[in-house]
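The values are calculated or read from the model by the stated rules, or taken from the named source; none is laboratory data. Just so it is clear, the model here is predicted, and its values are computed rather than measured. Note that each Cβ is placed from the backbone with ideal geometry, even for glycine, and that neighbours are counted across all protein chains shown.
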Amino acid sequence: MSVEIKNLSYTYSVGSPFQKDALHGISVTINEGEMVGIIGSTGSGKSTLVQHINGLIKLTSGSIKVYDIDLTAKKPDLKRLRSMVGMLFQYPEYQLFEETVLKDVAFGPMNFGATKEEALAAAEEAIRLVGLDFDEVKDKSPFELSGGEKRRAAIAGVIASKPKILVLDEPTAGLDPIGKREILNLILSLKKAFVKTVIMISHNMDEIAEFCGRVLVLSEGRLIADCTPAELFEKEYSLEGTGLTLPHTVNIKRLLGQKGLSLKGDTLSAPALADAIAEALRRRV
């Protein structure tokens, strides 16, 4: 178990004219090793939920346990929690702030107690891990980097502390298709390297379908589904009322079925769909 959430509710601006219920009785356990997608329309409570996991939003109702840290404790160890739970916000390049890329990436480890030498070594490793040329970028201002490089530098800043859990809020937002693929492949490589668990918010159903083994669906602050992408997307009505659309691969499979070409097996990713189409055409010959 990485994260155990029980009966979590949250209300913004209690007692004011702007009071808003954001979460209603959410209970879910995320196991170590999982890559979990969280989907839902704008305002469904996705960001509020994940910000509870590393203590950015103070727990007011329900309980959360992240490994051995109980957030219902009187004084939970938030510093250790945040070293274990790395969070990448939407457009993370806006998180960059230091004079140089190296200083920016080293900030996290130093903040969590590493010596300067340890922090710089961790920063170098992280910069190389995200695919940036260390010697080329280390002394550059983060703001001199291209958009894709800024995104990678921001990810390096999060992973330099070697978190066990990586929480990503729309990690591919604003990127072109090649950039999206590169960032998603990078996330997979980080998971293989040392990140135990990945939790990813996305509005892109194709990304969720291809990369996540499990998906949580939120609607108006409530958890309405917790299943595999295949289980969710096989039903035409599965996303009704959420404002979300089915993955392109699912729509293509259904259109081909209407034309008489029945596809078998996993077709959630583009390569798997192409293989299934090729196999169906071979069966016709």
Checklist entry - Gly148 fails exactly one of the following numbered conditions: (1) over 19 Å from Asp133 (Cα atoms); (2) at pLDDT below 90. What is the number of that condition? => result (1)
Item to check | Filter result (crowded, with 22+ Cβ neighbours inside 10 Å and not aliphatic (A, V, I, L, M)) within segment 121-160 | outcome: Pro142, Arg151, Arg152, Gly157
Next on the checklist: Here's a check for you: in segment 1-21, which residue that is of a type in the set (A, V, I, L, M) and at pLDDT 95 or above is nearest to the chain's Cα centre (by Cα)?
Outcome noted: Val3
Checklist entry - Consider Glu93 against the criteria (1) touching an Asp or Glu at 6+ places or on another chain (Cβ under 6 Å); (2) acidic (Asp, Glu); (3) in contact (Cβ under 8 Å) with a residue 60 or more places away in the chain: it satisfies all of them except one. Which criterion is unmet? => result (1)
Checklist entry - For segment 1-25, how many residues are among the aromatic types (Phe, Trp, Tyr), over 28 Å from Thr197 (Cβ atoms) and touching a Ser or Thr at 6+ places or on another chain (Cβ under 8 Å)? => result 0
